[in-house]
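Encoded as structure tokens, the structure appears first; notes follow it.
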Amino acid sequence: MKKKKIIIAIVVILVLFAGIVGYITISDLKQEEKLNNELSEIIDLASVDFNEMDIDKINKKLNNTITTGDYAIVEKSFKSYIKDAFNSLFQIVDLLEDEKITTLLTTENYSQDGKDFLNSKQYIADMIQKLNTYKEDYHKYINKEKAMSYIENKGLDSYYTDLYEQEYIGDVNSIDLTELDNSIDELISILKMENEVLTILSDNPNSWAIQGKNIVFSDNNILDKYNTLVEKISTEVEKI
């Protein structure tokens, strides 16, 4: 009789355990599905033309946590990584879209900042330095080791770190940054040529003057150098 009761107790415990395991598995699957859907939505929001990107909506999702437990740790880790990478990228985009770049070689700027062009030259130097720095910083994020650093030392079971690595990070090192790098390098090249133009003008202050909305030269040699560089800049701008 006693033996029978022990067997019944074991069966009951096994049934209860099976029920708990089943609940955890189903619960985990739901959590994982929620997380997958959430990250897919973020990818969709970020996979449109930059001018059409809803930054506020993306940030709202990145700042919100929809899962719980260990999945929440995975979610927060991945979203922190994505948010930092996005912020690094947006710094570059802000520089690429700075309209002041297009005003440096205008008669308005010549009148305001000439004839030494100290402010314009300093702006160019600062822009080149920032572009190089931000480019280097963004490259650091497109790296698996960097991505994995966001989930290290979180006390997670290997299942969750593997999920983070294999499903969400993937082969991040294979992301091609050539187009972005080219855009940055092209802008730096244009900025350097603009600096050359301003240097020609500042080195020869008596060879040019502003008349109305035009710049006129009294030295044909300086005029030729100026026109050659300005035409080259125009050609490079058209390529971007």
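The values are calculated or read from the model by the stated rules, or taken from the named source; none is laboratory data. Given the structure is predicted, the values throughout are model-derived calculations rather than measurements. We place every Cβ from the backbone using ideal geometry, glycine too, and count neighbours over all the protein chains shown. These area figures cover heavy atoms from the full protein model, side chains too; ligands, DNA and RNA do not enter into them. Shrake-Rupley method; radii C 1.70, N 1.55, O 1.52, S 1.80 Å.
Please quote Rg/Rh for region 171-240 to two decimal places, taking the Kirkwood radius as Rh and restricting both calculations to Cα atoms.
Rounded to two decimals, Rg over Rh is 1.21.
Based solely on C-alpha atoms, express the radius of gyration and the Dmax of the chain in angstrom.
29.4, 118
What nm distance separates the two modelled labels at Gln112 and Ser47, each placed 7 Å from Cα along Cα→Cβ?
4.3
Report ³J(HN,Hα) in whole Hz for each residue of region 172-189, in order, from the Karplus equation J = 6.51 cos²θ - 1.76 cosθ + 1.60 where θ = phi - 60°; Gly and Pro get x.
4, 5, 8, 5, 8, 9, 4, 5, 5, 4, 5, 4, 5, 5, 5, 5, 4, 4
With r as the distance between the Cβ atoms of Thr178 and Lys130 and R0 = 25 Å, compute the FRET efficiency 1/(1 + (r/R0)^6) and round to 0.05. Don't skip to the answer; put the middle values down first.
Working: r = 21 Å, r/R0 = 0.83.
The computed FRET efficiency comes out at 0.75.
Quick one: 3J(HN,Hα) in Hz for region 211-221, Karplus 6.51/-1.76/1.60 with θ = phi - 60°, rounded, Gly and Pro as x.
10, x, 9, 10, 9, 10, 10, 9, 10, 5, 5
Just in region 152-240: which GluC sites (Glu not before Pro) are loop by DSSP and have at most 12 other Cβ atoms within 10 Å?
Sites meeting the loop and neighbour criteria: Glu152.
Could you calculate the FRET efficiency of Asp162 with Thr65 from 1/(1 + (r/R0)^6), where r is the beta carbon distance between them and R0 is 30 Å, rounded to 0.05?
In this case the efficiency is close to 0.90.
Considering every pair of different Cα atoms, what Kirkwood radius, in Å, is found for region 86-150?
13.7
Return the subset of Lys135/Lys192; Lys115/Lys192; Lys146/Lys239; Lys61/Lys130; Lys83/Lys146 for which the Cα-Cα distance in this structure is over 23 Å, preserving the input order.
Check vs 23 Å cut-off fails for Lys146/Lys239; Lys61/Lys130.
Could you list which residues have their amide H under 5 Å from that of Thr65, counting only those 5 or more apart in sequence or on another chain, with H placed in the peptide plane?
Close amide H contacts, sequence-distant or interchain: none at all.
Two decimals is fine: what is log10 I(q)/I(0) at q = 0.15 Å⁻¹ for region 79-213, from a Debye sum with one equal scatterer on every Cα and no solvent?
So the normalised log intensities work out to -0.79.
Amide H of Trp208 versus every other amide H placed in the peptide plane: which residues, excluding those fewer than 5 positions away on the same chain, fall under 5 Å?
Amide H to amide H, under 5 Å and 5 or more residues apart or across chains, Trp208 pairs with Ser218.
Once fully extended, how much extra length lies between Asp84 and Thr228, figured as 0.36 nm per residue of separation less the alpha-carbon to alpha-carbon distance?
47.6 nm
What distance in nm separates the two pseudo spin-label positions at Asp171 and Glu145, each 7 Å out from Cα along the beta-carbon direction?
2.0
Before rounding to the nearest 500, sum -39500 (n - 2.57) across all DSSP H runs of length at least 4 in the chain and divide by the residue total; then give [θ] at 222 nm in deg cm²/dmol. Please report the intermediate quantities before stating the final value.
Working: 9 runs with 169 residues, N = 240.
One gets -24000 deg cm²/dmol as the mean residue ellipticity at 222 nm.
Which order do Val48, Val74 take when ranked by solvent-accessible area (1.4 Å probe, heavy atoms of all protein chains), largest first?
Most to least solvent-accessible, the answer reads Val48, Val74.
Over 10 Å intervals from 0, what percent of Cα-Cα pairs in region 55-118 sits in each interval?
All Cα pairs considered, the percentages come to 18, 28, 18, 15, 13, 8, 1.
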